[in-house]
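Reading through the structure tokens given below for one structure.
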Amino acid sequence: MRILVTNDDGVAAPGLAVLAAAAVRRGHEVVVAAPLSDHSGASASLVFDLARGVPVRRCRLGGAGLDGAGLEGVEAFGVDGSPALAVLLARSGVFGPRPSMVLSGVNAGANTGRGVLHSGTVGAALTAATMGMSGLAVSLAAADPVHWDTAGLAAGVAIDALASARARTVLNVNVPDIPAAAVRGVRWGRLAAFGPTRLSVGMAGEDHVELAEQPGTLPLDPETDAGLVAAGYVSVTPLQGVTAIDDRGDADLAASMHGPLRDALAPHGTPAGAR
């Protein structure tokens, strides 16, 4: 299988090589395309300068403490843009044959709870699904991780599972930063109401706002992704991207807007009787 590996920490981040190596060990054909700089929190954004285009350059994989074994023949590209943009370019054939799966990570820090909406790591996997591919987001639950090998082992198992799943499947995998032998198992986890950290917002002068990241203080539900990782489990959460809500109540709400909107538009040229 042809696989694209990307991340939001940047093409030089060690977790990227860990994830690429996991796919290579499974016998897959791998190409790497990731942001030239940190794009954490980029979600699924596709921001770029249409007139300038998207600068892309060849890079070399590797990172501190990684042997890079098995990655010598893997092509790697740095993209001046978000991980979702890298997915778009790959699907368009910019980096060779089009991939059928996207792996994103290994992220330094957990991506749990409803805050995954803002994650560039998860955004790349969800973008893959909108383009007909399956996607995997893998995160190691520590800001300065140590046990990359644990994440690599978990990623390998997830890659196997995703390869046999239906197209457009998206899995969000969070791995505790502990030795592999200490992992208690793998559990399905629903999204927590909040992630492991929260943003503290405060004014600092008249022309800017000061932000700080602080640990969450509320107790974790043990059945959620955040609670499971904190308890030493690998958490796996299937995700679904943007889709219309097929619910009678919401359809009625939308229909109720027709009359008022028609009347509001009528003075501006829309016939009052238009349907």
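If the requirement is being part of a strand (DSSP E or B) and either among the small types (Gly, Ala, Ser) or at pLDDT 95 or above (or both), which of these qualifies: 94, 87, 102?
Numbers: 94 fails: part of a strand (DSSP E or B); 87 fails: part of a strand (DSSP E or B).
Exactly one of 94, 87, 102 is part of a strand (DSSP E or B) and either among the small types (Gly, Ala, Ser) or at pLDDT 95 or above (or both), namely 102.
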Being of a type in the set (A, V, I, L, M, F, W, C) and in contact with a Leu (Cβ under 6 Å, 6 or more places away or on another chain) is the filter here, so list the residues in region 85-123 that pass it.
-> 85, 90, 102, 103, 106
Index of the failed condition, residue 97 passing every other in (1) in contact (Cβ under 8 Å) with a residue 60 or more places away in the chain; (2) within 17 Å of residue 32 (Cβ to Cβ); (3) crowded, with 22+ Cβ neighbours inside 10 Å; (4) out of contact with any helix residue (DSSP H, G or I) (no Cβ under 7 Å at 6 or more places or on another chain) = (3)
List every residue pair whose Cβ atoms sit under 9 Å apart, with the two residues 6 or more apart in sequence or on different chains, where the first one lies in region 53-65 and is farther than 13 Å from residue 11 by Cβ and at pLDDT 80 or above and the second, anywhere, is in a strand (DSSP E or B) and not charged (D, E, K, R).
-> 54/79
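The values are calculated or read from the model by the stated rules, or taken from the named source; none is laboratory data. Remember, predicted model here, so these are calculated numbers, not experimental data. With ideal geometry, Cβ positions are generated from the backbone for all residues, glycine too; neighbour counts draw on all protein chains shown.
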